[in-house]
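Q: Please see the structure below; I have some questions.
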Amino acid sequence: MLRHNDAMTNRNRLLPLLALISVFAVILPLHAVEPIEPATTEPQYETWYQIEVLVYEPIEHAVANESWPATLGENKFESLIELAPITDSSALDATNTINTTDAFNNTIDAFQQLPPENLTLAETAGKLTQAGNYRIITLQGWQQPVKQRHEAEAVHLTDKQEISNEPDETIPTTLTPQGELVLNSPTEELIAPLEPLIDENGFVVEEIPARINGSVKVSLSRYLHMALNIRYYNPDVYLAEQIALQKPDEIIIDTFELRQSRRMRSTEVHVFDHPYFGVVATIIPVKRIIEEVVEPPALPLNTTGGQ
């Protein structure tokens, strides 16, 4: 009987000890776990679009035999966005291609001209040139965010380049007698601008307008849309047509207009036709990283009651 009581006593003494050990067995591993680092936030992306426009003309114009308005309405360019000139930061990657699945180079600003040799339509320009029947008037490309149609911004498209006081030596250029800076595309040298009218004393009597002058507007609703309003200046083409038709015309028509709006699928190449010139265009989506905005720290509340 005594042995049984001793066993019970020892058991009663062990129970609190076992309970205490079990508590430590639960607590100690919790203290041994390393602190959990906060999860890193994934970068957020937004979609811009790369707009590329190629304007060309046939070397020999076919007779269109169409009626053209003698005068066109005023074209206002004050509200158009002027493209920024090409810079070193506007060059694309070495492969001259655009990856629409990865983040693109955020150093390119909106509405900044891209080098013609880096555009996807450079290959199209080369093929048109090699065909021997066409001349490239201008090949331009830029990136921009695209808005709804009622908020869309129009870009000024012209082949007349602004003259820089300090031209970029990395871009081969040619300065024409009338002071126009012509970019030499690697696929084809752009056609020489027309010479201005000069009097016997060497002064410019009349400034020759740009061969291409107009606007490009890209908008996004359910689909992408491109609206072109481009004027093509060529004082010889209509006169040659009248001579070919043996219909001498006293009215001089030297400017022709192309107005077209079209729904476009991204990355597809579209052609806008005109009897005297043509436009090839494409819209390519580009993913860009949304820059994180760091909010300033909140000001401490005034708890002194104005004292």
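Q: Under 5 Å between amide H atoms, partner at least 5 residues away or on a different chain: which partners does residue 84 have, H built in plane at 1.01 Å?
A: The answer is 112, 113.
Q: Continuing with this model, one more query. What is the spin-label model distance, in nm, from residue 62 to residue 135 if the labels are put 7 Å beyond Cα along the C-beta direction?
A: With each label point 7 Å from Cα toward Cβ, the separation is 2.0 nm.
Q: Once phi is turned into θ = phi - 60°, what whole-Hz ³J(HN,Hα) does the Karplus curve with 6.51, -1.76 and 1.60 give for every residue of the range 268-281, x standing for Gly and Pro?
A: Ordered by residue, 3J(HN,Hα) equals 7, 9, 10, 10, 10, 9, 8, x, 10, 7, x, 10, 10, 9 Hz.
Q: Starting from the 7 Å offset along Cα-to-Cβ, what nm value, one decimal, do you get for the label separation of residue 107 and residue 262?
A: Distance between the two pseudo-spin positions: 3.5 nm.
Q: A further question follows. Quickly work out the residue 269-to-residue 46 label distance, labels modelled 7 Å from Cα along the C-beta direction, and quote it in nm with one decimal.
A: 3.1 nm
Q: Still on this structure, please answer the following. Sorting 289, 284 on the 10 Å Cβ count, fewest up front, what's the list?
A: 289, 284
Every read-out reported here was derived from the displayed coordinates using simple, explicitly stated rules and does not represent laboratory data. On a predicted model such as this, the values are computed, not experimentally measured, just so you know. Using ideal geometry, Cβ is built from the backbone for each residue, glycine included, and neighbour counts are taken over all protein chains shown.
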